[in-house]
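A quick write-up on the structure given underneath.
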Amino acid sequence: MLTQIEFPHLYWQLFILNPGIVAEVALRNAVLAAMVVVMLVTAARENRAAGGLEG
């Protein structure tokens, strides 16, 4: 959702490779990637604590 709001506004600044905007987008992407990793690790731990997949 944030990308749909923020990106159109910042597109031309990113297009001309404004270093501040590039850094902001890179930081946002790193935070999103870290959040995905944390969610996957948490889900794996909960699955392991619950006895894993039954089958």
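In region 22-38, what residues are within 18 Å of W12 (Cα to Cα) and β-branched (V, I, T)?
Passing the criteria: V22, V25.
Mind listing whichever residues of region 5-29 are modelled with pLDDT under 80, more than 16 Å from the chain's Cα centre (by Cα) and assigned to a helix (DSSP H, G or I)?
P8, H9, L10, Y11, W12, Q13, L14, F15, I21
From L40, L32, L2, which residue is on the phi < 0 side of the Ramachandran plot and at pLDDT below 80?
On the way: L40 fails: at pLDDT below 80; L32 fails: at pLDDT below 80.
Unique residue meeting the criteria: L2.
The values are calculated or read from the model by the stated rules, or taken from the named source; none is laboratory data. These numbers come from a predicted model, not from an experiment.
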